[in-house]
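Written out below as structure tokens is the structure these notes cover.
The values are calculated or read from the model by the stated rules, or taken from the named source; none is laboratory data. Remember, predicted model here, so these are calculated numbers, not experimental data. Virtual Cβ from ideal backbone geometry, glycine too; neighbours counted across all protein chains shown.
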Amino acid sequence: MSCPSLPRARRSLACALFITLAAQPALAAEEGTVADPMAMFFDDSQLVQVATRAPKPITQVAENVTIITAQEIEEMHAQSLAEVLSRVAGVMVARQGAEFNGVSYTYIQGSRTEHVLTLIDGVRLNSAMSGEATVNHIPLRIIERIEIIKGPASSVWGSSQGGVINIITKATGKATKPSGSVGAEIGEGRSSAYEADIAGKGGRVGYFLYAGRQDSDGLLNNRFYDSGRAYGKIAIDLPNQGLLTFTGSAIDPHYRTGDFTLNGQPYFSEDTRDRTHFVTANYDTPFSDSLHLNLGARHYERTFNWNRDILPSSPEGDPGTLFWFANWREKSQGTNALLTWKSDWQQVSLGAEINRSEMGTTTDYGPWAQVNWWAPAVDESRPGYEEVYGLFVNDTLRFGALTLTPGLRYDHHSISGSMLSPSLGATYQLRPDTLLRATAARGFQYPILSYITGGGVWDNPNSGLKPEKVTSFQAGVENRSLSFLSLKLTGFVHHVTDAWVLDSDAWNYKNGGSAERRGFEAEAETAPWHNLRLVANATYVRVTPAEEGAETTPATFTNLILRYRDQAGWKGEVAGQYAWWDRGHLDNQQSDGLIWNMSLGRNVYSSDWLSCDLYAKVNNIFDGNATTDKFYPMPGRWLLAGMRVSF
């Protein structure tokens with residue numbers, strides 16, 4: 001069986017939907033018992049925080065939200081958070097090389113990567129230097145769940161034009177007897193991973209501790225990856241049901257992105273060190289059954305070293321000498337307060353937060369750059385500093401089958417001024433098996449700190465750069481009227497004004513005209529049938545850039561996943577992913593392709609106090625290549641095997 005002849009961007013979408021629908025008669029013919037409720041938006045036991053910062057049932061969430069659980073992450077046997085996020089409808093992940101780990105960029109519904117706000121334990125991970133968040137180095141083992149808002153969330157989170165990725169870490173232990181796990185992986189390219197975690201409680205103090213390491217000699221182009229990671233959480237029970245929680249994380253990845261050629265000639269090698277650490281403190285207490293207070297504080301630091309050396313075989317410069325070495329330093333602090341009141345038909349969240357960020361850079365230039373670029377031996381930037389404070393209120397009003405969610409936030413930026421962000425959402429339970437939802441929102445994106453202040457010899461910040469503003473509309477429906485199938489469909493339009501465009505004369509960013517992103521997401525999931533389950537999603541978006549004369553181009557992303565899980569302990573999956581990128585998200589050369597991965601694991605021992613799982617994974621089974629940059633090709637098929645012991 002083959003799909004009809006269609007343009008490549010539509011062929012994969014058509015095939016994925018055809019396969020999904022073709023499978024349904026066979027599923028319907030089986031017994032009608034549904035072992036899993038398949039609730040994307042119907043399971044009220046799923047409490048969502050990211051929509052209003054206070055937990056509420058998912059049926060009352062009007063925003064386009066996706067939740068990824070720890071169990072789903074574990075069953076993927078993923079090596080990076082980029083691999084996990086790439087399976088979500090509406091989320092577009094550019095993995096440069098798709099090695100054991102490494103560089104990746106996350107976009108939502110055609111946004112730019114700096115439009116996506118990423119948080120972990122309330123810490124904003126977006127860089128003051130580049131605006132983007134580096135997520136691949138976060139250990140998957142510490143994650144309890146990931147909540148994703150697709151589309152502007154400025155009425156709750158402030159500057160977040162594209163969406164929000166909220167990473168919630170695992171809770172501390174509840175029992176005196178510790179629980180935890182020890183895991184190891186080995187793969188081609190001398191790739192390996194080792195990690196351990198433990199949780200428990202002694203008296204009033206609960207704890208969750210994690211330590212791990214990932215290493216790889218690389219699979220292509222003289223790459224490598226080496227990262228040590230540690231994380232800890234301590235929770236102290238206080239009188240009157242109060243809770244005081246401290247978290248801390250330290251991550252130190254060192255990786256080479258490869259050896260590079262220019263016009264067929266060897267040119268330079270590049271490696272990066274990206275040290276980060278953060279600490280948080282959080283106080284949570286109920287004043288009554290209906291009134292709740294949460295206070296938080298956080299501190300985050302990052303040091304990013306970007307090194308390029310001239311290759312010994314290069315025709316330019318002295319072999320092995322320094323091309324440049326950049327040292328970027330940034331830190332941020334923040335505090336927040338949230339007061340939540342709820343009744344049988346209403347929940348109100350009232351909050352405030354302050355965030356301060358600062359940055360600086362020092363760049364050492366080698367002899368070739370000094371002679372040919374007239375670069376100084378050392379270029380130290382002027383320091384950059386910003387402060388943002390925000391006040392917000394969000395309401396959830398329930399009137400039988402109808403829920404309304406109005407929201408409003410005021411933000412003030414020390415350089416770019418003030419913004420007001422309103423939103424209105426609604427969900428309607430049309431039938432017990434059909435949920436409608438819609439949102440209308442105004443959002444914005446404050447300029448990246450390096451765009452408006454600081455800078456060295458080569459930088460020319462534009463202090464007059466204004467925030468981008470977006471008007472967004474989304475509407476969706478979820479239906480499970482068929483016992484064997486759950487469906488979800490969402491349409492979206494995001495219209496951006498004062499969009500940032502590159503000023504080629506001043507070599508900085510300026511405010512241009514309007515940009516637009518419009519499209520749809522489609523998701524389907526079947527009930528289990530002979531221990532098999534089929535999951536499919538597709539995203540289509542047309543991106544109209546703000547640059548004068550720029551062409552409107554489409555992007556298409558599809559995922560097709562066949563999962564197996566039985567009572568004997570076997571579990572596995574075959575996952576295919578197709579990506580066709582629009583021109584605005586390509587760095588050098590468009591490359592589309594279909595990538596297939598397969599994993600299989602089994603529980604080989606289980607008792608009341610110990611269990612052991614073994615698994616194996618084949619990455620890129622058919623040697624596909626789907627990157628946004630020709631300088632970072634994907635490695636071909638490579639193998640990985642692992643073991644995890646839990647107690």
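Based on this model, can you work out whether Ser418 counts as loosely packed, with under 15 Cβ neighbours inside 10 Å, touching a strand residue (DSSP E or B) at 6+ places or on another chain (Cβ under 8 Å) and not acidic (Asp, Glu)?
Working: loosely packed, with under 15 Cβ neighbours inside 10 Å: yes; touching a strand residue (DSSP E or B) at 6+ places or on another chain (Cβ under 8 Å): yes; not acidic (Asp, Glu): yes.
Criteria met by Ser418.
Just to verify a result, which residue in the stretch 448-466, among those that are of a type in the set (Gly, Ala, Ser) and outside any loop (DSSP other than H, G, I, E, B), is farthest from the chain's Cα centre (by Cα)? Steps first, answer last, please.
Of the residues in the stretch 448-466, the ones of a type in the set (Gly, Ala, Ser) are 450, 454-456, 463-464.
Next cut, outside any loop (DSSP other than H, G, I, E, B) only: 450, 455.
Numbers: Ser450: 22, Gly455: 28 Å.
The qualifying residue farthest from the chain's Cα centre (by Cα) is Gly455.
Consider the stretch 467-494. How many of its residues are in contact with a strand residue (DSSP E or B) (Cβ under 6 Å, 6 or more places away or on another chain), polar (S, T, N, Q) and either over 19 Å from Pro447 (Cα atoms) or part of a loop (DSSP other than H, G, I, E, B) (or both)?
Summing the residues that are in contact with a strand residue (DSSP E or B) (Cβ under 6 Å, 6 or more places away or on another chain), polar (S, T, N, Q) and either over 19 Å from Pro447 (Cα atoms) or part of a loop (DSSP other than H, G, I, E, B) (or both) in the stretch 467-494 gives 5.
Taking the stretch 203-239 as the region of interest, how many residues are at positive phi and without any contact (Cβ under 8 Å) to a residue 40 or more places away in the chain?
First, pick out the residues of the stretch 203-239 that are at positive phi: 203, 218, 221-222.
Among the residues that remain, those that are also without any contact (Cβ under 8 Å) to a residue 40 or more places away in the chain are: 203.
Number of matching residues: 1.
At least 2 residues that are among the charged types (D, E, K, R) and either in contact (Cβ under 8 Å) with a residue 60 or more places away in the chain or in contact with a His (Cβ under 6 Å, 6 or more places away or on another chain) (or both) in each: list the strands (runs of 3 or more DSSP E) lying fully within the stretch 137-195 that qualify.
Values: elements: 143-150, 163-169, 179-187.
Hits in the stretch 137-195: 143-150.
Find the helices (runs of 4 or more DSSP H) located wholly in the stretch 1-120 whose residues include 1 or more that are modelled with pLDDT under 50 and more than 22 Å from the chain's Cα centre (by Cα), and list them. Let's see the steps before the verdict.
Details: elements: 8-22, 24-29, 70-76, 81-85.
The helices (runs of 4 or more DSSP H) meeting that bar are 8-22, 24-29.
Here is a list: Ser159, Ser191, Ser154, Ser179. Which entry is over 30 Å from Asn394 (Cα atoms) and surrounded by 23 or more Cβ atoms within 10 Å (Cβ to Cβ)? Spell out the reasoning first.
Values: Ser159 fails: over 30 Å from Asn394 (Cα atoms); Ser154 fails: over 30 Å from Asn394 (Cα atoms); Ser179 fails: surrounded by 23 or more Cβ atoms within 10 Å (Cβ to Cβ).
When all the criteria are applied, what remains is Ser191.
So in the stretch 254-313, with the set limited to residues that are small (Gly, Ala, Ser) and closer than 30 Å to Asp344 by Cα, which one is surrounded by the fewest Cβ atoms within 10 Å (Cβ to Cβ)? Before the answer, list the steps.
In the first step, residues of the stretch 254-313 are kept if they are small (Gly, Ala, Ser); the result is 258, 264, 269, 281, 288, 290, 296-297, 313.
Subset that is closer than 30 Å to Asp344 by Cα: 288, 290, 296.
Numbers: Ser288: 7, Ser290: 13, Gly296: 19.
Within the stretch 254-313, the match that is surrounded by the fewest Cβ atoms within 10 Å (Cβ to Cβ) is Ser288.
What are the residues in the stretch 506-561 that are closer than 17 Å to Asp582 by Cβ, in a strand (DSSP E or B) and in contact with a helix residue (DSSP H, G or I) (Cβ under 8 Å, 6 or more places away or on another chain), if any? Spell out how you get there, then give the answer.
Initial filter on the stretch 506-561 (closer than 17 Å to Asp582 by Cβ): 514-521, 538-547, 549-558.
Filter once more, keeping what is in a strand (DSSP E or B): 515-521, 538-544, 553-558.
Ala538, Tyr540, Val543, Thr553, Pro554, Ala555, Thr556, Thr558 - these are the residues of the stretch 506-561 that are closer than 17 Å to Asp582 by Cβ, in a strand (DSSP E or B) and in contact with a helix residue (DSSP H, G or I) (Cβ under 8 Å, 6 or more places away or on another chain).
Being touching a strand residue (DSSP E or B) at 6+ places or on another chain (Cβ under 8 Å) and surrounded by fewer than 18 Cβ atoms within 10 Å (Cβ to Cβ): is that true of Gly569 here? Lay out the reasoning, then the answer.
Numbers: touching a strand residue (DSSP E or B) at 6+ places or on another chain (Cβ under 8 Å): yes; surrounded by fewer than 18 Cβ atoms within 10 Å (Cβ to Cβ): yes.
So Gly569 fits the description; yes.
Please determine, by comparing only the residues of the stretch 518-568 that are more than 25 Å from Arg112 (Cα to Cα) and among the polar types (S, T, N, Q), which one is modelled with the lowest pLDDT.
Filtering the stretch 518-568 for residues that are more than 25 Å from Arg112 (Cα to Cα) and among the polar types (S, T, N, Q), the one modelled with the lowest pLDDT comes out as Gln567.
Looking only at the stretch 454-463, decide whether some residue is under 15 Å from Ser423 (Cβ atoms) and either in contact (Cβ under 8 Å) with a residue 24 or more places away in the chain or of a type in the set (Phe, Trp, Tyr) (or both). Lay out the reasoning, then the answer.
As a first pass, look at the stretch 454-463 and keep what is under 15 Å from Ser423 (Cβ atoms): none.
No: the stretch 454-463 contains no residue that is under 15 Å from Ser423 (Cβ atoms) and either in contact (Cβ under 8 Å) with a residue 24 or more places away in the chain or of a type in the set (Phe, Trp, Tyr) (or both).
Applying the selection to the stretch 357-378, what residues are part of a strand (DSSP E or B), surrounded by 16 or more Cβ atoms within 10 Å (Cβ to Cβ) and free of Cβ contacts under 8 Å to residues at least 60 places away in the same chain? Steps first, answer last, please.
First, the residues of the stretch 357-378 that are part of a strand (DSSP E or B): 357-365, 378.
Now narrow it down to the ones that are surrounded by 16 or more Cβ atoms within 10 Å (Cβ to Cβ): 357-361, 363-365.
Scanning the stretch 357-378 gives Asp364, Tyr365.
Please enumerate the residues belonging to the stretch 395-440 that are of a type outside the set (Gly, Ala, Ser), farther than 27 Å from Asn479 by Cα and in contact (Cβ under 8 Å) with a residue 24 or more places away in the chain. Reasoning before the result, please.
So the first thing to find is which residues in the stretch 395-440 are of a type outside the set (Gly, Ala, Ser), and the list is 395-399, 402-406, 408-413, 415, 419-420, 422, 424, 427-437, 439.
Adding the requirement that they be farther than 27 Å from Asn479 by Cα leaves 408-413, 415, 419-420, 422.
If the condition is that a residue be of a type outside the set (Gly, Ala, Ser), farther than 27 Å from Asn479 by Cα and in contact (Cβ under 8 Å) with a residue 24 or more places away in the chain, then Leu408, Arg409, Asp411, His412, His413, Ile415, Met419, Pro422 are the ones that fit.
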